[in-house]
Structures are given as C-alpha cells and as structure tokens.
Amino acid sequence: MHCNKTEIDKPYAGAGNYTWNQTGIILADTASSTIPQAFCAFLLGNDTFYICGHTLGFVQSWVTGGASRTAVTNDTGDHIDNISFDKNGNMYTNAHDKNLVRRYASKLSALLLNLFASNQIYISDDTGNAVYLWIFGAATPSITCTQVNCGSTLQAPRGIKIDTFGNLYVADQNNIQVVMYSANSTMGTIILSFTARPMDLALDSQLNVYVLLDNGKLYKHKLIKINYVHAFV
C-alpha cells in the first residue's frame, strides 16, 4: 500500500500547512569519516550534537559547520546505545555490553537544555515493536503506540523525541522511516523515508528534524511551508 508523507498544520502560532523537506542535507560524515555503528545523536541547543557509535567506546561532540568531531569522554570500550542529559547538564551514557550507566559531571550551561519536569516517560521497545508512555510507579503503560497509517506498524523503533507541543517522533528503524504521533494519539503518520535505517533523531527550536542513519550520516530536514495554488472554474 502506498503511503504519502504528511502535510501538517503548523503546531505553533501562525496559519498555513507545513511539512519536512524530504531530501535533507548532510550535516556530518561522509563515506571517509563515518561513525562506527552509529546509534545516538543528542542535540544541545541549536548547533551542538553529541554522537555515539555502538563500537566507538566514547562520545563525540560536533558543532554544526565544524570541520571535525571532538571526543568528550575517554574511550571506555563501552558499547554505547544512548546519550541523555539531566536538567543540570550532567551527561549519562549506557554500556550495553556491561549492563551499567555512566554519569559525566556537567561542563555545560544548564540554560541550554530544553528539559521539563514530568512524572512520565516514553520508552521505545525495539524487540516489542512499540513505544510506551509510562507514568512513574504504574504497573502498565498508559499509552502504547504501534500503529502507523496505511495499515502498517512500527518495526524495531529506536530513537524517540517529544516536541514542546507533546508530539512524539519515532525512528522506525526497520521500516526505514520517521513516524510522528500527534499528542495523545496512537496512530502514527509517516513524515520521512530513507534508504538506510534511522537510529536516532533530534529536534531544534524551529522543529527541524535531524536524523542519524546507520550508515553514519546525520541529516537535517527543514520544516517548510507548502504554498497551495487554488484554481477556480
């Protein structure tokens, strides 16, 4: 079944229809400088990415427009799957092969972080093919997201992000696409498709979407306005 990309109403002040540029531009990495088994990308502010590779063993930072990436942690040999920050700017990484989480003291301004206190969390389950909204202390999730428009379902979802309007974005890994769930909805809409698997994603303050693919390339997909031409007979 053929699925068309969505054209969404702008989810903040202003009228008109918006969508994401489908081609995107490569921000980081070419065939000669790929990220080994690229798994995660965390956008801090609007221009600095923290990037991990599953077999890299350390975290790198990369400033948009910069000539190269910089190591920001020592090489621990960890198989890192995820990067996160708390409201004080401390960084956390997991070690998939060692069953542990490492905490790195903040060297960053907490003012750059766009985090909000909450009693709930979204969890992606790449083996269960679902994303769950879980309230702390609850025995079961309050929302389960598996369905995608056109009759399909999530397949090995990985990276997830929430925008300030409560919309959920999912890197639908094995379907090689990004899916968006509107706030409180359990039916996803395809917004981007690829030829390589999306592993993680990020959003900036303008709702541009950044996608890290398993080929080590990081793409930026800009939110753009669709101008319709109406013909009257």
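Quick notes on this structure:
- Taken over region 204-213, the residue count meeting the criterion of being crowded, with 19+ Cβ neighbours inside 10 Å and of a type outside the set (F, W, Y) is 5.
- Residue within region 146-156 that is surrounded by fewer than 16 Cβ atoms within 10 Å (Cβ to Cβ) and in contact with a Gly (Cβ under 8 Å, 6 or more places away or on another chain) present: yes
- Within region 120-128, one or more residues are outside any strand (DSSP E or B), modelled with pLDDT of 85 or more, touching a Pro at 6+ places or on another chain (Cβ under 7 Å) and surrounded by 13 or more Cβ atoms within 10 Å (Cβ to Cβ).
- Residues (buried (at least 21 other Cβ atoms within 10 Å of the Cβ), out of contact with any helix residue (DSSP H, G or I) (no Cβ under 7 Å at 6 or more places or on another chain) and not aliphatic (A, V, I, L, M)) located in region 176-203: Q177, Y181, D200
- Yes/no for I51 being among the aliphatic types (A, V, I, L, M), surrounded by fewer than 20 Cβ atoms within 10 Å (Cβ to Cβ) and at pLDDT 60 or above: no
- Candidate set: region 146-160, residues that are in a helix (DSSP H, G or I) and either within 12 Å of D126 (Cα to Cα) or not polar (S, T, N, Q) (or both); chosen: the one modelled with the lowest pLDDT: C150
- Restricting the first member to region 41-63 and to residues that are under 17 Å from D78 (Cα atoms), and the second to residues that are among the small types (G, A, S), the beta-carbon pairs closer than 6 Å and six or more apart or on different chains are A41/A202; Y50/S61; I51/A41; G53/A38; G57/G77; F58/A71; Q60/A71.
- In region 161-177, the qualifying residues are those that are within 20 Å of C40 (Cβ to Cβ) and among the hydrophobic types (A, V, I, L, M, F, W, C), and the one that is modelled with the lowest pLDDT is I162.
The values are calculated or read from the model by the stated rules, or taken from the named source; none is laboratory data. Everything quoted here is computed from the prediction, not taken from an experiment. Cβ atoms come from the backbone with ideal geometry, glycine included; neighbour counts cover every protein chain shown.
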